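Below is one structure, written out as structure tokens; the observations come after it.
The values are calculated or read from the model by the stated rules, or taken from the named source; none is laboratory data. Values in this document were obtained by computation on a predicted structure and should not be read as measured data. Counting neighbours? That spans all protein chains shown, and the Cβs are built from the backbone with ideal geometry, glycine included. These area figures cover heavy atoms from the full protein model, side chains too; ligands, DNA and RNA do not enter into them. Shrake-Rupley method; radii C 1.70, N 1.55, O 1.52, S 1.80 Å.
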Amino acid sequence: QRPVLYTVNCSVSNASITTDSRQAQRQPPERQPPDHPTPTLAVRFGFRSFAAAGGKFLLNGRPIFLRGNSINPPGRDLPPVSGTKQFALSYLRWMKENAHVNAVRIGDGVSDSTAPWYDAADEVGMLIYAGPYSNPACPECRAKPADQPVPAGSVQKAVASYVKVLRGVAPHPSHVILILSN
């Protein structure tokens, strides 16, 4: 209900550290040319555990009943403002406080269009169950007769597709379930 988020900030430095038995000493960094920016990275994340046991979902070890809504934002006939984080925050807050929804489905994991929704869900404490509404990893499998073999390379394509989705959702504590396909 009240998520705690953390940010780790990393930057690359060319300072060297030497150690001896008494103490560590930091050597002054070599000067970088002014047009050479220092690489930095900030990653926001949170901690939670999500499991299924005894026919129940457990969030941080406590039973939780998922009350969900499949909204798949944006692109489901929502106005263009739906791609903004401000819209996502207000929409998810309203869903949580007024409709008592605690989980939403977002189509295919983190992308440019869904990133504001993941960030907003992290902040609001809304859970996300995500997955494609079709089978994008193997579109040719949909028309395949049951007695025909799976198209060559489709397994590798599917695994690569799911790995990409998992890497995108990993830093988002709001993401709890990955639906492989409809």
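Could you pull out the residue among Tyr91, Tyr162, Tyr118, Tyr129 that is at pLDDT below 85 and among the aromatic types (Phe, Trp, Tyr)? Give the derivation first.
Working: Tyr91 fails: at pLDDT below 85; Tyr118 fails: at pLDDT below 85; Tyr129 fails: at pLDDT below 85.
Tyr162 is the lone residue from the list that is at pLDDT below 85 and among the aromatic types (Phe, Trp, Tyr).
Identify all residues within the stretch 109-123 that are assigned to a helix (DSSP H, G or I) and crowded, with 19+ Cβ neighbours inside 10 Å; write none if there are none.
Pass one, the stretch 109-123, residues assigned to a helix (DSSP H, G or I): 115-123.
Within the stretch 109-123, Pro116, Trp117, Tyr118, Ala120, Ala121, Asp122 qualify.
Quick one: in the stretch 50-60, of everything that is more than 17 Å from Ala121 (Cβ to Cβ) and surrounded by 10 or more Cβ atoms within 10 Å (Cβ to Cβ), which residue is nearest to the chain's Cα centre (by Cα)? Lay out the reasoning, then the answer.
Of the residues in the stretch 50-60, the ones more than 17 Å from Ala121 (Cβ to Cβ) are 51-56, 58.
Pick out the ones that are also surrounded by 10 or more Cβ atoms within 10 Å (Cβ to Cβ) and you get 51, 56, 58.
On the way: Ala51: 17, Lys56: 23, Leu58: 19 Å.
My answer is Ala51.
In the stretch 1-31, what residues are modelled with pLDDT under 60 and polar (S, T, N, Q)?
Ser16, Thr18, Thr19, Ser21, Gln23, Gln25, Gln27
Name the residue, out of Pro34, Pro39, Pro74, that is out of contact with any strand residue (DSSP E or B) (no Cβ under 6 Å at 6 or more places or on another chain), open to solvent by 90 Å² or more (accessible area, probe 1.4 Å) and at pLDDT below 85. Lay out the reasoning, then the answer.
Working: Pro39 fails: open to solvent by 90 Å² or more (accessible area, probe 1.4 Å); Pro74 fails: open to solvent by 90 Å² or more (accessible area, probe 1.4 Å).
Answer to the check: Pro34.
Would you confirm whether or not the stretch 98-105 contains a residue that is within 27 Å of Leu166 (Cα to Cα), part of a loop (DSSP other than H, G, I, E, B), open to solvent by less than 60 Å² (accessible area, probe 1.4 Å) and at pLDDT 90 or above?
Pass one, the stretch 98-105, residues within 27 Å of Leu166 (Cα to Cα): 101-105.
Then drop every residue that is not part of a loop (DSSP other than H, G, I, E, B), which leaves 101-102.
In the following step, the residues that additionally are open to solvent by less than 60 Å² (accessible area, probe 1.4 Å) were identified as 101-102.
Cutting the leftovers down to at pLDDT 90 or above gives us 101-102.
So far as the stretch 98-105 goes, yes, one or more of its residues are within 27 Å of Leu166 (Cα to Cα), part of a loop (DSSP other than H, G, I, E, B), open to solvent by less than 60 Å² (accessible area, probe 1.4 Å) and at pLDDT 90 or above.
Determine, yes or no, whether Val124 is of a type in the set (Val, Ile, Thr) and modelled with pLDDT under 80.
Details: of a type in the set (Val, Ile, Thr): yes; modelled with pLDDT under 80: no.
No, not satisfied.
So is Tyr129 outside any helix (DSSP H, G or I) and open to solvent by 20 Å² or more (accessible area, probe 1.4 Å) or not? Even if it seems obvious, please write down each step before you answer.
Working: outside any helix (DSSP H, G or I): yes; open to solvent by 20 Å² or more (accessible area, probe 1.4 Å): yes.
Against the criterion (outside any helix (DSSP H, G or I) and open to solvent by 20 Å² or more (accessible area, probe 1.4 Å)), Tyr129 qualifies.
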